[in-house]
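*Asks:* Let me begin by handing over the structure; questions about it come next.
The numbers here are math on the coordinates, done by the rules we state, and not lab data. All figures in this text were calculated on a predicted structure; none of them were measured in a lab. We place every Cβ from the backbone using ideal geometry, glycine too, and count neighbours over all the protein chains shown.
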């Protein structure tokens, strides 16, 4: 097996391959391509999963499952239907949410319910992440939302909550949460524009 | 289609729907290209939220992932849905390998459990929903049991296979099948837990109106050390009346 130095994520490969190209090669069983893809996806996957699960050991476990699933199911990826980053991060969020809604995950979640406000969830995020343009842009765009839109989205996405739980936590009607999630995402989409 | 369901696109893209609502929305999604486009855009937007919270995991994780992928066979491309022929009837201890098919099976169960109430207003039919959720929770609890063990075995002709996952702690298990043909007319498949005290029914597989491969939840493992599947007259039998065509050891 190829042995690539571990902290290579800032050094693009000589061919400067995009995650999309790499994932297409991974689908053909190319382990070297997976090793090149790893540093591009591992950080976002782990960061997201840890937002939802909190627990570091559980988050590493789920991150491992997601990355192995990425390897296993790479042939289902179609570059014309979206970017590799979107694909793997959608998978990662799904798996994190599955875990948090499992019986044990639910018990853990209940323990920390209530106390945590949506704004604090994002503030904690900003404390733990090195400043970067992506974070600044996301922060700016999130702050352009209404309070309810922003709180609904952060509770659902970073908190792994269902929209019914969001409605309970924010004490607003279900229908309002549905529309705020959608309208908030539309605003975010328009504000963020194309990825970097 | 009610315009109300369109508003679920945001909650769907953020995985904020429960299983029932998700299945309902997916049914709608299949026939709504605009919604598909919107969901794809929302997924891309959500991915940006994820990239903003990137955090490097430990180097040990990288090692573990690379080790595991070097031993993990990739799924074939989805176009060629050929039945997988894995190594003959051997019990496989690896848990994670089977976790995904089982979770997929769990999703099927949920779809079936919820199937009866699809199409009804979301805010009614509470008790049916509660029943379905209870069933799903049993399965979820089982699949997350710390002592979950799985084994798989093939049919005598090698055309179909069954996978069982059991937790001795919970005294429960789930059986899923793959590539099982429809049972003969007026007959059904029945699963059996077989041990020193003889065979005991684990339940009927493939109840009328459900696709083959629906997972069968059972409890009371007792002293059983094998699991088998037979063909029985409609409605099932108290004791097997035919020889099991799938028979393999329970995981230990």
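*Asks:* From the square roots a ≥ b ≥ c of the eigenvalues of the alpha-carbon gyration tensor of the stretch B:1-82, which class results: rounded (a/c under 1.5), prolate (a/b over b/c), or oblate?
*Replies:* Oblate.
*Asks:* Another question, then. May I ask you to derive the FRET efficiency for residue A:132 and residue A:102 from their Cβ-Cβ distance with R0 = 35 Å, giving the value to the nearest 0.05?
*Replies:* 0.60
*Asks:* I would also like to ask the following. Using only the Cα atoms of the stretch B:146-242, build the gyration tensor, take square roots of its eigenvalues as a ≥ b ≥ c, and label the shape rounded, prolate or oblate: rounded if a/c is under 1.5, else prolate if a/b is larger than b/c, else oblate.
*Replies:* prolate
*Asks:* While we're here: Just rank B:188, B:242, fewest to most, by other beta-carbon atoms within 10 angstrom.
*Replies:* With the sparsest Cβ surroundings first, the list reads B:242, B:188.
*Asks:* What shape does the stretch A:137-183 have by the C-alpha gyration tensor, where a ≥ b ≥ c are the square roots of the eigenvalues, rounded means a/c under 1.5, and otherwise prolate means a/b greater than b/c and oblate the rest?
*Replies:* Prolate shape, in that a/c is at least 1.5 and a/b is the bigger ratio.
*Asks:* If R₀ is 25 angstrom, what is the calculated FRET efficiency for the pair residue B:75 and residue B:234, using the beta carbon separation as r and rounding to 0.05?
*Replies:* Rounded to the nearest 0.05, the efficiency is 0.10.
*Asks:* Give me A:25, B:63, A:50 ranked fewest to most by other Cβ atoms within 10 Å of their Cβ, as a rough exposure proxy.
*Replies:* Fewest-to-most Cβ neighbours within 10 Å comes out as B:63, A:25, A:50.
*Asks:* As an exercise, use a Förster radius of 45 Å and the Cβ-Cβ distance of residue A:73 and residue B:171 to find the FRET efficiency, rounded to the nearest 0.05.
*Replies:* 0.85
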